[in-house]
1. For the chain, modelled as a GNM with alpha-carbon contacts under 10 angstrom, which of Ala198, Ala47, Ala77 fluctuates the most?
2. Most mobile of Gly119, Gly72, Gly186 per a Gaussian network model of the chain (Cα springs, under 10 Å)?
3. So what is Rg over Rh here for the range 27-99, counting just Cα atoms and using Kirkwood for Rh?
4. Where in the range 1-101 are there trypsin sites (Lys or Arg not before Pro) that are in a DSSP coil and have at most 15 other Cβ atoms within 10 angstrom of their Cβ?
5. Between Ser117 and Ala163, what FRET efficiency comes out of the Förster formula 1/(1 + (r/R0)^6) with R0 = 51 Å and r the beta carbon distance, rounded to 0.05?
6. Give me the log10 of I(q) over I(0) for the range 47-88 at q = 0.32 Å⁻¹, as the Debye formula computes it from C-alpha points; what are the numbers?
7. Using Cβ contacts closer than 10 Å as the measure, can you line up Phe25, Phe8 from fewest to most?
8. Please give the FRET efficiency for Leu68 paired with Lys3, using the beta carbon to beta carbon distance and R0 = 35 Å, rounded to the nearest 0.05.
Amino acid sequence: MPKFVLRFIENLHGRWQQRWILLWFAAGVSALVWGYSTTSQTGLDQAMLAVAIVGLVCVVALAFRHNLSGNGLGVIANIGEVFVQGRSGATGLMLAPLFYLMTHLYGLRYWAKHTDSNGQMLPRSASLLVWVITLGFIAIGLALFPWLNAQLQHYSFIASDDAIAFSGFGIELTWYQINVLAFVLGVTAQTMMILRYAFSWWLWIIVNFVWLTVNIANNNVIFAVQTLIYQVNAFVGLSGWWLSQTAKR
């Protein structure tokens, strides 16, 4: 890696850290408020905005390996998302935040046992076996999801239809296929992140790329900007976890 890139990463996770977090958070809130201004601004919309803002703090804290502000706010954000999904009638969509909620509760205790002198979590590298297990988990998840989804249709989970979400480069993907891929990869990425594996951020990058491509293809500018902001954070998280992992060797 070129020295100037390494120096930039070290500064980003060192003396520039607070300024970067404030800049990124301001950009994220601006995008969310912009999106909120296009809604009916009901009580439910306000709750969604509040949950999303808490989520911003959570994900940037996780990227910088802060346990209490990352996993702690993750618990609060997921409780809020469960509430919002339940109020909107999408009871099946409460499953993902419920799962994330349990992982953050586990992460609060697990990360506390693996911290450096600054109180930041120490990430670890993955062995070949971990990679194989992860890929196997994704394959099994994609294979079983259609059956699981069929059982949950009564609870407004992911609609199974043939509506095209993306068409390009000779590929056509339905909204159902996109949702399945993002859901399975998201659950896998969350699990690996809580278990402190640095490569989990690569999975988040893939998930964000999927949604960014779909939003751009469908001219969903607000959601595209929001996803792009999360994507930037994913790359920052990847670089910081890699830097910490390398320093331990």
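We did not get these values from a lab; they are worked out from the coordinates using the rules stated. This structure is a prediction, so every number in the text was calculated from the model and none was measured. Positions of Cβ are backbone-derived with ideal geometry, glycine not excepted, and every protein chain shown enters the neighbour counts.
1. Ala47
2. Gly119
3. Details: Rg = 12.7 Å, Rh = 12.8 Å.
My calculation of the ratio gives 1.00.
4. Values: sites: Lys3, Arg7, Arg15, Arg19, Arg65, Arg87; in loops: Arg15, Arg65.
Passing both the DSSP loop test and the Cβ count: Arg15.
5. Working: r = 52 Å, r/R0 = 1.03.
The formula returns an efficiency of 0.45 here.
6. Log10 I(q)/I(0), no solvent term: -0.99.
7. Working: Phe25 16, Phe8 13.
So the residues, fewest neighbours to most, are Phe8, Phe25.
8. Details: r = 34 Å, r/R0 = 0.97.
Here the calculated transfer efficiency is 0.55.
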